[in-house]
Every structure is written in C-alpha cells, then in structure tokens.
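Before any comments, here is the structure.
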Amino acid sequence: MNESMKMPGRQPTVLIVDDARLNLEILNQILSGEYRVVRACDGRQALDLVAIQPPDIILLDIVMPGLDGYQVCTLLKSDARTRDIPVIFVTGMDDGGSHEQGMAVGAAGFLTKPFRPAAVLSQVHIQLDLRRTKDLLASPNGENAESTSPASRMRGA
C-alpha cells in the first residue's frame, strides 16, 4: 500500500498525465484542494515519475504523442509494483470502442472532456476508497475491516 494512503491527515497523491497544458491546469485546479497533485506531459515522463514515487491514483490521457495512454496503462498493470494503482482514463472520445480498449488494459474508469469538477472529484474519491478497502482486506497482518469494527472489538472484550 502506498504510504500516503496509510497516514491519517496526509493527502493522497494524484498523478495527472496529459500532453495539453490546459487540461493539466484544469485538473490541477479541481484536485489540488483535496489531493497532492503531480503532473506529467507525456507517457514516458509519467512512467519515470511513478518509478520514483508511485502515486495513489493516475488520471491518464489516452491520445498522446509517443506512448499513448493504453500503452502506459498496459506497462503499469504488467508491473507488480504498480499494478494496483487505479488508472482513470481522461479522454475527449466518448465511444464504446475506447472504453472497451481501456477496460481491457486495466482502466478503473473514464472521465470525458470537458471536465465536470464534481465528476472528477467523485471518480477519484471512489477509486481511492476502493483501493483502501482492498488494501485493508489484503493486509499481511490478517487484519480486515471486520476485525477493526466496533462490534468485533466488543466481541473480543
């Protein structure tokens, strides 16, 4: 589990990857109040940043020069160190084929341009909550959500 997700009061990190500066700025404005935001302008830079400090979630443009979003996601999902990072594709394409291809390479969701702030925040929040829950259930100490619930603590008392 990423350290920033374990520490209470610490903001989760969102990596935004888009070759359009305007999209980076818009998403940064939407997310920076609640999350630590890191930006990359292409797929290669994103992979380099993830190797240095894995984010908690990635918002990834599909159409970019060099490595496109599908290729970046495929590489992330094929690496044991990064496969559990949720990837939400950011796209101007709102067709079934793009969504199918994105899901096939491991996307957790999609956001379409132009961005709706409430939708962006909701998708990010939902995916981070899902990841926290999965991490709790897979905890190496055998802890899970039930063992830390008030009811289970009372049963053990």
Every residue in segment 101-128 that is assigned to a helix (DSSP H, G or I), polar (S, T, N, Q) and touching a residue at least 12 places away in the same chain (Cβ under 8 Å), please.
Gln101, Gln123, Gln127
Could you check how many residues of segment 98-138 are within 14 Å of the chain's Cα centre (by Cα), farther than 14 Å from Asp56 by Cβ and among the acidic types (Asp, Glu)?
0
Out of contact with any strand residue (DSSP E or B) (no Cβ under 9 Å at 6 or more places or on another chain), over 30 Å from Leu137 (Cα atoms) and β-branched (Val, Ile, Thr): which single residue out of Ile62, Ile52, Ile26 fits that description?
Ile26
Residue count, segment 78-112 (criterion: in contact with a helix residue (DSSP H, G or I) (Cβ under 7 Å, 6 or more places away or on another chain) and farther than 24 Å from Leu49 by Cα):
1
So which of Asp79, Asp95 is modelled with pLDDT of 95 or more and more than 14 Å from the chain's Cα centre (by Cα)?
Asp79
If you go through segment 29-48, how many residues are more than 16 Å from Gln11 (Cα to Cα), part of a helix (DSSP H, G or I) and either of a type in the set (Lys, Arg) or out of contact with any Leu (no Cβ under 6 Å at 6 or more places or on another chain) (or both)?
5
Considering residues of segment 28-55 that are out of contact with any Asp or Glu (no Cβ under 7 Å at 6 or more places or on another chain) and either of a type in the set (Asp, Glu) or touching a residue at least 60 places away in the same chain (Cβ under 8 Å) (or both) only, the residue surrounded by the fewest Cβ atoms within 10 Å (Cβ to Cβ):
Asp48
Any hit, segment 21-42, residues being touching a Cys at 6+ places or on another chain (Cβ under 9 Å), farther than 17 Å from Phe110 by Cα and not hydroxyl-bearing (Ser, Thr, Tyr)
yes
Answer from Ile85, Ile58 - the residue that is in a loop (DSSP other than H, G, I, E, B) and surrounded by 21 or more Cβ atoms within 10 Å (Cβ to Cβ):
Ile85
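The values are calculated or read from the model by the stated rules, or taken from the named source; none is laboratory data. Owing to the predicted nature of the structure, the values given are computational and were not obtained by experimental measurement. Backbone-built Cβ (ideal geometry, glycine too); neighbour counts: all protein chains shown.
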